[in-house]
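Q: Let me give you the structure first, and then I'll get to my questions.
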Ligand SMILES: Nc1ncnc2c1ncn2[C@@H]1O[C@H](COP(=O)(O)OP(=O)(O)O)[C@@H](O)[C@H]1O
Ligand SMILES: [Mg+2]
């Protein structure tokens, strides 16, 4: 268990997942990669190019990326002590599940830790779409952490 990839969207469930990942990393002397994927606005605007036309995509992406970086910067200190655990924070742009899967391939991750639900809770679905797609396409085992009941 050398490399563990943790998918972070800033939601309480992803925080719970990250805490779990820190415990595992400590037990197995693993390194951690905290990954947050900025949803590429192009995905959203697909087939709606008339809306996208007036928008400076580069600056939108820039500010979304900064926002996610800040989120990770504030997120990490809320975790249990990371002393002696090598870790990195990574922000990429794209389709979140694809970004998580390809990062796991690149890093040769031994485990992906992810929350079952994120921010856009749609209660009728059992899994969130990101977690579902990661479980389906991951190159390694995936640990899915349940949300707290009161959420
Ligand atoms: N953009 C993202 N970047 C990194 N991880 C993400 C991202 N979106 C979701 N995740 C991970 O997937 C988990 C489940 O989220 P998701 O499948 O999006 O559920 P929901 O549909 O409820 O938002 C989160 O707890 C988090 O671990
Ligand atoms: Mg989500």
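The values are calculated or read from the model by the stated rules, or taken from the named source; none is laboratory data. The shown structure was predicted, so the numbers you read here are calculated from the model rather than taken from an experiment. Cβ placement follows ideal geometry from the backbone for every residue including glycine, while neighbour counts extend to all protein chains displayed.
Q: Of the residues in the range 101-118, how many are within 16 Å of ligand 2 (Cβ to nearest atom) and closer than 18 Å to residue 20 by Cα?
A: 7
Q: Out of all the residues in the range 32-56, which are surrounded by 13 or more Cβ atoms within 10 Å (Cβ to Cβ) and under 19 Å from residue 99 (Cβ atoms)?
A: Answer for the range 32-56, where residues must be surrounded by 13 or more Cβ atoms within 10 Å (Cβ to Cβ) and under 19 Å from residue 99 (Cβ atoms): 32, 33, 34, 35, 36, 37, 38, 39, 40, 41, 42, 45.
Q: Considering the range 16-30 alone, what residues qualify as being outside any loop (DSSP other than H, G, I, E, B) and more than 14 Å from ligand 2 (Cβ to nearest atom)?
A: 16, 18, 19, 20, 21, 22, 23, 24, 25, 26, 27, 28
Q: Ok, one more. Given the residues 114, 85, which is the only one that is within 9 Å of ligand 1 (Cβ to nearest atom) and surrounded by 15 or more Cβ atoms within 10 Å (Cβ to Cβ)?
A: Within the list 114, 85, the selection yields 114.
Q: Further, regarding this structure: For the range 64-81, what are the residues that are at pLDDT below 95 and surrounded by 11 or more Cβ atoms within 10 Å (Cβ to Cβ)?
A: If the condition is that a residue be at pLDDT below 95 and surrounded by 11 or more Cβ atoms within 10 Å (Cβ to Cβ), then 64, 80 are the ones that fit.
Q: What do you reckon, is residue 36 touching a strand residue (DSSP E or B) at 6+ places or on another chain (Cβ under 6 Å) and away from ligand 1 (no atom under 13 Å from the Cβ)?
A: The answer is no for residue 36.
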